[in-house]
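Notes follow the structure.
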Amino acid sequence: MKRVGVLALQGDFEAHRKAVERAGAQAVEVRKAEDLDTIDGLIVPGGESTTMLKLLHAENLFERLREFGEAKPIFGTCAGAILVAREVRSPKQESLGLVDLTVERNAYGRQVDSRIVQLEGEAGTGLEQPVEAVFIRAPIIRHTGSDVRTLLRYNGDPVLVEQGRHLVATFHPELTGDARIHQKFLEKLDDSR
Amino acid sequence: MRFLDEQFRLKIGLAEMLKGGVIMDVTNAEQAVIAEKAGACAVMALERVPSDIRRDGGVARMAPISKIREIMQTVSIPVMAKARIGHFMEAKVLESLKVDYIDESEVLTPADEEHHIDKHPFSTPFVCGARNLGEALRRIAEGAAMIRTKGEAGSGNIVEAVRHMRTIVKEMKALTVLSKAELPTAAKNLQAPLELVEWVAENGKLPVPNFSAGGIATPADAALVMQLGAEAVFVGSGIFKSNDPEARAKAIVKAATYYNDPEKLLEASEELGIGMFGLDIKQIPESELLQTRGW
């Protein structure tokens, strides 16, 4: 069975753990560098990116995560999208630079501007049936590099993208019962072996 | 069920994002920056920290708008603010200000001794305190999207937070072994709506995230309540009433993540300086307890 790590420093890692299990893989909580040794891919969950960044540095995990991402798949959601991006704005913030994205934090506004919407992917994305997308104080992807493929858009902005082995969502697929997006990530775990 | 509709899921959603984190009380932008830099997942804006409210007395109200706005403009993490129990107009003001969460809090002087705020019509989510399962479910029925144990705010004493968390967990466990026929009586005894009692009986947990507050002063305190079932912690006076707020804030953030790892807790507990002065709950006159506000 595929083993998927979920970065469990802060945020909704428990929801991701359950989503991974629903999608048919084993979930492992990652809090220390050695936890990375036994997993096939890693999810960086939603939560506060500033909090996770502090804890990553405190545990010398920041560089280890970058190395991990250079070899294995990472799936970042919301705060996770911010952490894996190449560039972060509003405010400017350090990031792992694994996916060629420019991301603006809290770009929809504050909590009262959070929303749930139905999105449909184009033919060939596997997401032609509507996806329920939960945006919570979400970031917006302002720029994507040439290697980045957009799978879902909302209001014209990319909200689910992939770049090679990595997957990035600015919304929270872990907060719905729909396992399709986590399954998409699990398929990448095969690709990388 | 109303408590699982779309808007309510969004309210719970932000609470989900705060899990495993520390929400810190701050009274100005300078403290908010210290909290954010230390790794707080959110800040709570208030006029005075609970231990000062306890010391100075008088009526404690919603924080001045200029202070809250200044904090919102300064940090990028969610900003919560407190409204008085039952004071739905303070809550309306906070919603217009677009704070991310409203705490209908016993730390402030209650505005209504019979009614809590009807929280459903608001699009801003609410957190409320509770000492037991019945109280938690009554608040959820009114629309609270997050529960925190009350503890005894401003005491620097963890004993009440422990009591309240243990009580809620014990009462939830008890429901899970009852038959369906026994649940209406349980609902009557808990003074809580039957549909919520049935949900807890089936799932063994609250339908909204359950955090802990009121008396957390050290990294070990935070780890203790997390072990007992808290999914995140609120720290009030514990940080800015210690002699090195920055170090203590960082240490408590670490403890909330590594609450299951004694070695990491040891690291977090070193070189902290002196903690806030704590109070023996038995020495606090009954009339001065904050936890008995609300019902």
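Anything in the stretch B:74-118 that is away from every other protein chain (no Cβ under 14 Å), farther than 15 Å from B:Val59 by Cα and part of a loop (DSSP other than H, G, I, E, B)? List them, or say none.
B:Glu114, B:His115, B:His116, B:Ile117, B:Asp118
Out of A:Val6, A:Val20, I need the residue that is within 14 Å of chain B (Cβ to nearest Cβ) and open to solvent by less than 10 Å² (accessible area, probe 1.4 Å). Which one? Working first, answer last.
Numbers: A:Val20 fails: within 14 Å of chain B (Cβ to nearest Cβ).
Unique residue meeting the criteria: A:Val6.
Name the residues in the stretch A:123-161 that are crowded, with 23+ Cβ neighbours inside 10 Å and not in a strand (DSSP E or B), would you?
Those that are crowded, with 23+ Cβ neighbours inside 10 Å and not in a strand (DSSP E or B): A:Ile136, A:Arg137, A:Ala138, A:Pro139.
Filter the stretch B:143-189 down to the residues that are open to solvent by less than 40 Å² (accessible area, probe 1.4 Å) and over 30 Å from B:Gln283 (Cβ atoms) and list them by number.
Within the stretch B:143-189, B:Gly143, B:Ala144, B:Ala145, B:Met146, B:Met172, B:Leu175, B:Leu183, B:Ala186, B:Ala187 qualify.
Mind checking whether some residue in the stretch B:190-197 is under 29 Å from A:Glu14 (Cα atoms) and outside any helix (DSSP H, G or I)?
Taking every residue of the stretch B:190-197 in turn, at least one turns out to be under 29 Å from A:Glu14 (Cα atoms) and outside any helix (DSSP H, G or I).
Which residue is nearest to the chain's Cα centre (by Cα), if the candidates are limited to the stretch B:242-295 and must be closer than 30 Å to B:Glu113 by Cα, of a type in the set (D, E, K, R) and part of a loop (DSSP other than H, G, I, E, B)?
Across the stretch B:242-295, the extreme among qualifying residues is B:Arg293.
What residue, of A:Leu36, A:Leu53, A:Leu101, is out of contact with any Asp or Glu (no Cβ under 8 Å at 6 or more places or on another chain) and open to solvent by less than 50 Å² (accessible area, probe 1.4 Å)?
Details: A:Leu53 fails: out of contact with any Asp or Glu (no Cβ under 8 Å at 6 or more places or on another chain); A:Leu101 fails: out of contact with any Asp or Glu (no Cβ under 8 Å at 6 or more places or on another chain).
The conditions single out A:Leu36.
Answer with yes or no whether B:Ala91 is crowded, with 23+ Cβ neighbours inside 10 Å and of a type outside the set (D, E, K, R).
Working: crowded, with 23+ Cβ neighbours inside 10 Å: yes; of a type outside the set (D, E, K, R): yes.
Criteria met by B:Ala91.
Of all residues in the stretch A:23-33, how many are more than 14 Å from A:Phe68 (Cβ to Cβ), surrounded by fewer than 18 Cβ atoms within 10 Å (Cβ to Cβ) and without any contact (Cβ under 8 Å) to a residue 40 or more places away in the chain?
2
On the given criteria, is B:Gly215 surrounded by 23 or more Cβ atoms within 10 Å (Cβ to Cβ), more than 14 Å from chain A (Cβ to nearest Cβ) and at positive phi?
Here the answer is yes, as B:Gly215 does meet what is asked.
Before we move on, is B:Glu231 within 12 Å of chain A (Cβ to nearest Cβ) and part of a helix (DSSP H, G or I)?
Considered against the rule, which asks whether it is within 12 Å of chain A (Cβ to nearest Cβ) and part of a helix (DSSP H, G or I), B:Glu231 comes out as no.
Report yes if some residue within the stretch B:231-251 is open to solvent by 10 Å² or more (accessible area, probe 1.4 Å), closer than 22 Å to B:Tyr101 by Cα, hydrophobic (A, V, I, L, M, F, W, C) and modelled with pLDDT of 95 or more; otherwise report no.
Yes, because at least one residue in the stretch B:231-251 is open to solvent by 10 Å² or more (accessible area, probe 1.4 Å), closer than 22 Å to B:Tyr101 by Cα, hydrophobic (A, V, I, L, M, F, W, C) and modelled with pLDDT of 95 or more.
Can you work out which of the residues in the stretch B:1-54 that are away from every other protein chain (no Cβ under 11 Å) and free of Cβ contacts under 8 Å to residues at least 24 places away in the same chain is most open to solvent (accessible area, probe 1.4 Å)?
Among those residues, the one meeting the criterion is B:Glu30.
Within the stretch A:104-125, can you find the residues that are at the interface with another protein chain (Cβ under 7 Å from one of its Cβ atoms) and in contact (Cβ under 8 Å) with a residue 24 or more places away in the chain?
Within the stretch A:104-125, A:Arg105, A:Asn106, A:Arg110, A:Gln111, A:Ser114 qualify.
The values are calculated or read from the model by the stated rules, or taken from the named source; none is laboratory data. Note that this is a predicted model, so its numbers are computed, not measured. Here Cβ is always computed from backbone atoms with ideal geometry, including for glycine, and neighbour counts include all displayed protein chains. The accessibility values were calculated without ligands, DNA or RNA, using every heavy atom of the protein model including side chains. Shrake-Rupley method; radii C 1.70, N 1.55, O 1.52, S 1.80 Å.
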